[in-house]
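*Asks:* So that we are looking at the same thing, I have put the structure below in structure tokens.
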Amino acid sequence: MINRSVFGCCGTLALLLAGVAAVAAPAVNQLTDEEKAAGWKLLFDGKTTDGWRTFKKTTFSAKGWVVEDGWLHCLGKSGGDIVSDVEFGDFELEWEWKQAEAGNSGVKYFVTESRDAALGHEYQMIDDEREPDAKLANGKRVTASFYDVLKPTVTPATKQPGEINQSRIVVKGNHVEHWLNGVKVLEYECGSEALKAAIAASKFKTTARFGDKIQGHILLQDHHSEVWFRNLKIRAQAGQ
């Protein structure tokens, strides 16, 4: 004979656990009261492209980027790189991202539109296993590297394509840090002799003042592959 009271209790427990999970799940593309008080601001509201535009243009791309299900989705179809309206000097930037198999993208900072190309210091985001470019430059093109300049000093724990990664960039004075999934994997000093030497051995060796810290835009790269961004938030120094 089936004990209906047992099934009833199980059903009630399942509902309670589902409710707890729903309450515990962090809000997407929203700031907590504590984050607001600490000076964090959203760069993406999960619904619109407000605050972003195509590099060297006054408007957002009419193709290649869409907002869907709380993600800013680069379709990889020549929509072009997009930049933040606001420029930043010292800041902490955090975001979540995922990509398709063999994906290749990045987040750039210190981006100035006085240059012809959309250059900047790039936090690389790539499928380390399947995208051939990740195998080049002796580790300087893997996820969380300073693209083509510095490789991570800690092996990045990158998630598989389709899974969500959490990334962070910290700029304080000339000091810069790259974080991936809660682990600091790279740090360097702008203007240092070590960085100058690394740039001299990179594809940016002829780019004037490439190693300098400057006030610049944040850039999300369209590298002709699919990538998704959400929970983009930044904390800048006072006055920025």
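*Asks:* How big is the Cα convex hull of the chain in projection, averaged over all directions, in nm²? Each step should come with its number before you reach the end.
*Replies:* On the way: hull surface 66.8 nm².
Over all viewing directions, the chain projects a mean Cα-hull area of 16.7 nm².
*Asks:* Residue 57 versus residue 91, label points 7 Å from Cα toward the beta carbon: distance in nm?
*Replies:* 2.1
*Asks:* Using Cα atoms only, what is the angle between the long axis of helix 4-24 and the major principal axis of the chain, expressed in degrees (0 to 90) to the nearest 10?
*Replies:* For 4-24 against the chain, the angle is about 20 degrees.
*Asks:* Which value at 222 nm does the chain reach when only helices count, each DSSP H run of 4 or more adding -39,500 (n - 2.57), with the total divided by all residues and rounded to the nearest 500 deg cm²/dmol? Write down the numbers at each step before the final one.
*Replies:* Numbers: 3 runs with 34 residues, N = 240.
Counting only the DSSP helices, I get -4500 deg cm²/dmol.
*Asks:* So if we plug the beta-carbon distance of residue 100 and residue 177 into 1/(1 + (r/R0)^6) with R0 = 25 Å, what FRET efficiency do we get, rounded to 0.05?
*Replies:* Using R0 = 25 Å, I get an efficiency of 0.35.
*Asks:* Determine the relative contact order of the chain: mean sequence separation of Cα pairs under 8 Å and six or more apart, normalised by residue count, in whole percent.
*Replies:* 28
*Asks:* Count charges around residue 126 for me, please; just the other residues with Cβ under 11 Å from its Cβ, Lys/Arg as +1, Asp/Glu as -1.
*Replies:* With Lys, Arg at +1 and Asp, Glu at -1, the net is -3.
*Asks:* Please check which bits of the stretch 78-98 a label hung off residue 112 would reach, taking the label as a point 7 Å along Cα-to-C-beta and the cut-off as backbone N under 20 Å.
*Replies:* 82-91
*Asks:* Which residue fluctuates the most in the chain, going by a Gaussian network model with Cα springs under 10 Å, if the choices are 173, 216, 120?
*Replies:* Top of the fluctuation ranking is 173.
*Asks:* Looking only at 128, 116, 212, which one moves most when the chain is put into a Gaussian network model with springs between Cα atoms under 10 Å?
*Replies:* Of 128, 116, 212, the most mobile in the Gaussian network model is 116.
*Asks:* A follow-up question, please. Highest GNM mean-square fluctuation, the chain, Cα pairs closer than 10 Å: which of 174, 29, 165?
*Replies:* Greatest mean-square fluctuation among the candidates belongs to 174.
*Asks:* What FRET efficiency would be calculated for the residue pair residue 32, residue 154, taking the C-beta separation as r and a Förster radius of 30 Å, to the nearest 0.05?
*Replies:* Step by step, r from the Cβ atoms, then E = 0.60.
*Asks:* Counting only residues 5 or more places away or on other chains, whose amide H sits under 5 Å from the amide H of residue 53 once H atoms are built in the peptide plane?
*Replies:* Long-range HN contacts for residue 53: 83, 85.
*Asks:* May I ask you to list the GluC sites (Glu not before Pro) in the stretch 47-111 that are in a DSSP loop and have at most 16 other Cβ atoms within 10 Å of their Cβ?
*Replies:* Filter output for the stretch 47-111: 101.
*Asks:* If you don't mind, another one. Select from the stretch 140-200 those GluC sites (Glu not before Pro) which occupy a DSSP coil region and have at most 16 other Cβ atoms within 10 Å, ordered by residue number.
*Replies:* Listed in order of number, the matching sites are 163.
*Asks:* As I understand it, the dipole of the chain uses +1 on the Cβ of Lys and Arg and -1 on the Cβ of Asp and Glu, about the Cα centre. Which of 48, 182, 197 lies farthest toward its positive end?
*Replies:* Final value for the positive-end residue is 197.
*Asks:* Taking 0.36 nm per intervening residue step and subtracting the Cα-Cα distance, what contour gain separates residue 200 from residue 163 on full extension?
*Replies:* Net length gain for the segment: 9.8 nm.
Rule-based calculations on the coordinates, nothing more; no lab input. Because the structure is a prediction, the values reported are computed rather than measured. When we count neighbours, we look across all protein chains shown, and the Cβ atoms used for this are built from the backbone with ideal geometry, even at glycine.
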